[in-house]
Every structure is written in C-alpha cells, then in structure tokens.
Amino acid sequence: MNRKLSWFNVTSLTLGFAFLYLPMLILIIYSFNASKLVTVWAGFSTRWYGELLHDQQFLDAAWVTLRVGVISSTFATILGTAAAYVLVRGGKFFGRTLFSGMIYAPLVMPEVITGLSLLLLFISIGLDRGIVTIVLAHTTFTMCYVSVVVSSRLMTFDQSLEEAALDLGASAWDSFRLVTLPIIFPAVISGWLLAFTLSLDDLVIASFTSGPSSTTLPIKIFSAVRLGVSPEINALSTLMIAIVAIGVITASLVSKGAIKRQREEELAGNRT
Amino acid sequence: MAEPAQQKVFAPWEDPSEKPIIRFEGVTKRFGDFTAVDKLDLKIYRGEFFALLGPSGCGKTTLMRMLAGFETPTEGHIILDGQDVAPIPPNKRPVNMMFQSYALFPHLTVWENIAFGLKREGMEKDKIEARVSEMLRLTRLEQFAKRKPHQISGGQRQRVALARSLAKAPKLLLLDEPLGALDKKLRQETQFELMDIQEKTGTTFVIVTHDQEEAMTVASRVAVMDHGKLVQVATPAGIYETPNSVYVADFIGDVNIIEGAATPNGDQVEIAWAEGLAPIVAKSSEPIAPGAKVHFAIRPEKIYVSREPDMERANRVQGKVIDIAYLGNISTYRVRLANGQMISASMTNARRLSRRDFTWEDEVWLNWTDTAGLVLTR
C-alpha cells in the first residue's frame, strides 16, 4: 500500500481531482467571502450563512425539498426493494427479462424525457402540479437506483435461509419480514440514502413537475443565479454539497461496513 | 448368509401389517429434459432412521426436497401419514428439515433460532420457553443460548440446526448431508449423538448422504440410489453382505469383482473366470442360467491369506504380493494372480508388525469358502 507514486501518477491524480473538485472548492471558499461582490475577496465571514437563515423564500424551498426527498425516497425504497425481490427471487417467470430491463431503463433515460413524459401524464390526468407531483416523479426515477442496490445484495443472499423459514412454518410474508429484510436491511438503508440524495439535487425533473407553490432548492438556486450569482447562493450551495457528501459517504459506509459484517455472519451461519 | 433380521427387534419393514409413514408411489421428477427421480416406489416406517445414499446427482436431494415441499413431483404421489402431500405447501407440512448449510438465521441468537418455528405456530410464551430449554438441553447448548451463530463453533452450529428442526416435534425430520461440514472426528461423535437423539425423540429421520460409512453407522435401513432409481433398499448389514448388484457392492466398502461364465451345479455355481485356473465355486441364492455372464464379488476381509493352500476352503488361488497397505489394525494385501488379475485381501494384524507373515514379492495362497462371496447377475 505504501508504494511511492511516480511523478506521472501524482500529476494525473492532481489533474483529475482538480478537474473534479476545483469548481466546488472555489464555490466553498467564496461562500465565506465577506464582500457582496462574488469576484472580490474581502476577508473571511459567515455572514451569508446567517442571511440565508432569514431568507423566507430559501427556507420554504428547503422545506419543500426535504419533504419531497424523505417521502419520495421512502416510496422509492419500498417499491425498489419489492421489485428487486421479485426479479432476483421470482425465478424465471414469463417476462422476467423484459421487466428487469424496464426497471433499469430509467437509469439511462435522459432526464428531460422522464420529466416531459411525467408532465404530460400529470396534465392528462388533471393532477395539479405541486409537491405531490414532484414526489411521484422522484419516486419514479429513484426507485431503479434502489432496485439496483438491493438486488445486488439479494444475489449474494443464501436462499436456504428463506427455505428454512418456510420449513419452520413461516408464511412467505413472515419469511421476508423476519429473515430476509433484517439481513438485507443495510442495503435497503443505503438505497434510501442514495434515493434521498438524488431527489435532493434533481433540477430537471423537478422543474417539469413543480408548481408555483412548490419550488425546490435546486430550482430556487437555478433561477436566482440567472439574475446574477449572489454570495448567498454560494453559501446555500456549500450547504447542499455538505448534505449530499454526508449522504453519499454514509450510504457507502453503511453498505460497505454492515454488508461486510453481515456477510461474515452469514458465512459463519453456514459453515466454517 | 443369514440375514440379521431375526436378531433385530426394530424391523417394521418385515411386518406386512405395519403401515408406512411415508409412501412414494411412482414418483417422477423432471427438470426440463433431465429426470432427477424416475418412477420411484418406497416405503419408510415410523421411527426409522432411513438413509438415502448415492453419488451427487443421483436424485437423493431432490427426493428429500419433495418431502419438504420445495419441489413437487412431476408424476406420482407422496403419501405422508395417509395423506397425499402434493397440495400442502412447505410451511404447512409436519416435516422439518436440517439444511446442508444449516441455514441458521445470522441476525438471531441461538435461542431465537430454535424458537422461530414455535413462534410461527402461535405457541404460548411459557410453552415456547420450556420447549426451547428442552431442545437446548437435548443438544447440550444451554450456555450458548444468548450467542449469535457466528459466535459459536461449527459443531455447535450443527447442533443448533438440529435443535431448531426438532423443536416443532415434526413427524418426520429430513437431514441433508448434516455432517458434511464437520471434521472426521467430530463427525463420528456427532453420528452417535444423532442416533441417540433419534432414539430419545422417536422421530422418523431421513438422512441424505454420499458418505457410505455415515449411512452404515446411523441408519436402520439404507437406500442406494443411482440415476434417480433405487438400486437396493436394505439394512446396512444387508447392503454390505448381500448387495444385489455390482453397483451396490462397489459403492459400499471395498470389493473384488471377478467376471466369468457360470455353470450351475446343484446349489452351487462354478464360475470359469481364467484359463488354466480352477473355476470359482460359490453358493447362489437365486437360480442362474447355464453359461450366464456373472460377476463374482468378494470383500477383502473374506479372503484368507496363507503360505500353504488351505484345504478347508473351497477356493484357493496362488498369487504374488504386490502391495501392502498397513492400516494399523488390519493390513490389506494387493495380490497379483497368474492371469494378471489383482485381488485385495485384508488380514487382521493379530501379531506385532515385526512378526508379520508376508512381505512384498512373497508367493501366497488366497483362500475363501463357497459362501464368502456373492454371484451377481447385474
């Protein structure tokens, strides 16, 4: 592990990371700028964070985003887990390949198309755009991510555990609730976190499906920036980066740590 | 070849009035083109320790999974205690299974694992408590009740799996290669524990194994399977002493197989097997057509090795010792006969090694009586 990196490796690493993170770094640095002008550095300050807290518009948008995120990722987790369970456990039922293809299609579907088609659907069924429509839209596009995470866990799951539960008199639902779910739970949690993070920073689909009363933070930021970048936006963006980073890191830690520990337990539960 | 049936007290299969607990009637199971179980008929009786023995892919596991309800027969019926089990799902069958992988629930403690099935039954709390304690005592796991499966040893896990599957007091317990994961010494101990527990609980056990020694040790009867069919069903002694085919003779223990043409002579058969050598004389229980191609099967321990021909025994052949496998209690001699055929013969090492009678390259006589071996027609 302690291999010394050659100058070539160091250079490419630096270039790569600079390319990825320099813009964000600049954003974060300028969010602590005392000056009102974005381009002029006038010393360190947390003033814009304070002002953010008093801006009712931003607070409303944050509240909408949070509610949408929690509700939609919860629905997406339930649906995505169910879909994963059927696809991995259902055996070779008719149309299985088609279904699994269709579950994963939204992963590569352009967001504009997802957004547009959802908009058309909502208009045609006469559903007023608001929080409900954003929740529905976010559930739609995040459930496939949950499904991917959960099904990869289910594939390594020892099926004889479920058979043992059935054999001991558990119904199919009991065996899922009491045996499968507790064991795959870390994967379900990390699926939820992933869905929440995706919902949090979605702009395209939300802008298609939101109404006047339901502006999410990304929409708010985007429209504010069109009138000129304010230091407040920098501060808000920094906060969002922090939340997303925490979400993603937690998701990966939860899945890595807990899944690894559980795999060990499961192996131990079988044979030595 | 006196069958040990008369000596045995427990032999319900000998009693025509006894009703079997399980009946397979013409059971066939196909997976696509592959026939895993082929028109199989079998009766298993209450209180038996029944072993399904065969190489992997012979259909023994499929047979067991059909009993548990994880597979349904393509054709035929399985009658459990007078009831056709086909429409009963696995969670409603009075059958429990001990899985090859044990399949212990990793997130539950030993206690909770054992109580799992009882809770599903909706049993009262204090009754569950009592039953789990009883199971823990039976399997000597009392001090591990609070541990999780990954905190105990392989042998202990095996006992948890057994306790869990016995907790509901099933009419029938299925054991899928239950001892495969244990090392040899622990396996032998556990075999005796299993027999002990089977006797104490009086449960009918059906065990699937590919280990012939294990089947012989624990079972009241052994069914040898091959390609989805039962080749022979008999007591361990019956399987060993009177195999009905070359396949069974060869599968169970060591055996010498000599091919030849049979000539019946009274209740004896003379088998011409090598030019210039005297025919093998053997008693046969079934009539054999003159000139029929037969296999003569004889176990190494039934052959007496001596320096001079033993006139007491009907068959005597001369050969040269090629190999000696010294196993401590016995030595197995690989002897080459005049026609090149190799014969194994084992002798108990009643004397100390330094005074052993034979060594490599010695000319010896192999002697056996007319009842020592078997004449097999298939």
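The values are calculated or read from the model by the stated rules, or taken from the named source; none is laboratory data. Bear in mind that the values here come from a model prediction, so they are computed numbers and not experimental data. For neighbour counting, all protein chains shown are included, and Cβ atoms are generated from backbone atoms with ideal geometry for every residue, glycine included.
Among the residues in segment B:157-165, are any surrounded by fewer than 23 Cβ atoms within 10 Å (Cβ to Cβ) and aliphatic (A, V, I, L, M)? Within segment B:157-165, not a single residue is surrounded by fewer than 23 Cβ atoms within 10 Å (Cβ to Cβ) and aliphatic (A, V, I, L, M). For segment B:67-78, check the following and say yes or no: at least one residue is part of a loop (DSSP other than H, G, I, E, B), assigned by TED's automatic domain parsing to the domain that holds B:LEU175 and aliphatic (A, V, I, L, M). For segment B:67-78, residues part of a loop (DSSP other than H, G, I, E, B), assigned by TED's automatic domain parsing to the domain that holds B:LEU175 and aliphatic (A, V, I, L, M): absent. Just wondering, is there one or more residues in segment B:197-220 that are within 24 Å of B:ARG316 (Cβ to Cβ) and in contact with a helix residue (DSSP H, G or I) (Cβ under 9 Å, 6 or more places away or on another chain)? For segment B:197-220, residues within 24 Å of B:ARG316 (Cβ to Cβ) and in contact with a helix residue (DSSP H, G or I) (Cβ under 9 Å, 6 or more places away or on another chain): absent.
Restricting the search to helices (runs of 4 or more DSSP H) fully inside segment A:1-104 and requiring at least 3 residues that are at pLDDT 85 or above and either of a type in the set (Val, Ile, Thr) or in contact with a Gly (Cβ under 7 Å, 6 or more places away or on another chain) (or both) gives A:7-31, A:56-89. Counting only residues that are surrounded by 19 or more Cβ atoms within 10 Å (Cβ to Cβ) and either more than 7 Å from chain B (Cβ to nearest Cβ) or more than 15 Å from A:GLY90 (Cα to Cα) (or both), segment A:161-173 holds 9 of them. Considered as a group, the residues in segment B:120-147 that are charged (D, E, K, R) and under 35 Å from the mean Cα position of the chain (by Cα) include one that is nearest to B:PHE105 (Cα to Cα), and that residue is B:ARG147.
Here's the yes/no breakdown for (1) within 14 Å of another protein chain (Cβ to nearest Cβ); (2) under 14 Å from the mean Cα position of the chain (by Cα); (3) surrounded by fewer than 17 Cβ atoms within 10 Å (Cβ to Cβ):
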| residue | (1), (2), (3) |
| --- | --- |
| B:LEU182 | yes, no, no |
| B:LYS185 | no, no, yes |
| B:HIS210 | no, yes, no |
| B:HIS227 | no, no, yes |
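Under the condition of being hydrophobic (A, V, I, L, M, F, W, C) and over 21 Å from A:ALA245 (Cβ atoms), which residue from segment A:6-32 is farthest from the chain's Cα centre (by Cα)? Within segment A:6-32, the match that is farthest from the chain's Cα centre (by Cα) is A:TRP7. Of all the residues in segment A:174-208, those that are of a type in the set (Ser, Thr, Tyr), more than 25 Å from A:ASN234 (Cα to Cα) and either surrounded by fewer than 24 Cβ atoms within 10 Å (Cβ to Cβ) or at pLDDT 90 or above (or both) number 2. Taking the criterion of being touching a Phe, Trp or Tyr at 6+ places or on another chain (Cβ under 7 Å) and among the polar types (S, T, N, Q), the only residue of segment B:99-154 that qualifies is B:ASN113. Please go through segment A:105-140 and pick out each residue that is assigned to a loop (DSSP other than H, G, I, E, B) and within 22 Å of the chain's Cα centre (by Cα). Answer for segment A:105-140, where residues must be assigned to a loop (DSSP other than H, G, I, E, B) and within 22 Å of the chain's Cα centre (by Cα): A:MET109, A:PRO110, A:GLY130.
Which of the residues spanning segment B:74-100 are away from chain A (no Cβ under 11 Å) and either without any contact (Cβ under 8 Å) to a residue 12 or more places away in the chain or under 18 Å from A:GLU163 (Cα atoms) (or both)? Lay out the reasoning, then the answer.
From segment B:74-100, those away from chain A (no Cβ under 11 Å) are B:74-88; that's our starting set.
Listed by number, the residues that qualify are B:GLN83, B:ASP84, B:VAL85, B:ALA86, B:PRO87, B:ILE88.
Taken residue by residue, segment B:255-277 has no member that is assigned to a helix (DSSP H, G or I) and not aliphatic (A, V, I, L, M).
Filtering segment B:18-73 to residues that are among the charged types (D, E, K, R) and within 14 Å of chain A (Cβ to nearest Cβ) leaves B:ARG65, B:GLU71.
Flag: B:SER285 does not match the condition of being surrounded by fewer than 19 Cβ atoms within 10 Å (Cβ to Cβ), under 12 Å from B:ASN367 (Cβ atoms) and touching a residue at least 60 places away in the same chain (Cβ under 8 Å). In segment A:97-117, the residues that are small (Gly, Ala, Ser) form Cβ pairs under 6 Å with partners that are assigned to a helix (DSSP H, G or I) and modelled with pLDDT of 85 or more, at six or more places apart or across chains, as follows: A:SER100/A:LEU87; A:GLY115/A:VAL204; A:GLY115/A:ILE205; A:GLY115/A:PHE208. The residues of segment A:38-53 that are closer than 15 Å to A:VAL225 by Cβ and without any contact (Cβ under 8 Å) to a residue 40 or more places away in the chain amount to a single one, A:THR39. Restricting to segment B:313-348, what's the tally of residues that are over 14 Å from B:VAL255 (Cα atoms), buried (at least 17 other Cβ atoms within 10 Å of the Cβ), touching a residue at least 40 places away in the same chain (Cβ under 8 Å) and not charged (D, E, K, R)? Looking only at that region, the number is 7. Looking at segment A:157-166, can you tell me whether even one residue there is without any contact (Cβ under 8 Å) to a residue 24 or more places away in the chain, under 29 Å from A:TRP63 (Cα atoms) and in contact with a helix residue (DSSP H, G or I) (Cβ under 6 Å, 6 or more places away or on another chain)? No, segment A:157-166 contains no residue that is without any contact (Cβ under 8 Å) to a residue 24 or more places away in the chain, under 29 Å from A:TRP63 (Cα atoms) and in contact with a helix residue (DSSP H, G or I) (Cβ under 6 Å, 6 or more places away or on another chain).
What are the residues in segment B:194-220 that are within 23 Å of B:GLU134 (Cα to Cα) and either without any contact (Cβ under 8 Å) to a residue 24 or more places away in the chain or of a type in the set (Phe, Trp, Tyr) (or both), if any? Of everything in segment B:194-220, those that are within 23 Å of B:GLU134 (Cα to Cα) and either without any contact (Cβ under 8 Å) to a residue 24 or more places away in the chain or of a type in the set (Phe, Trp, Tyr) (or both) turn out to be B:ASP196, B:GLU199, B:PHE205.
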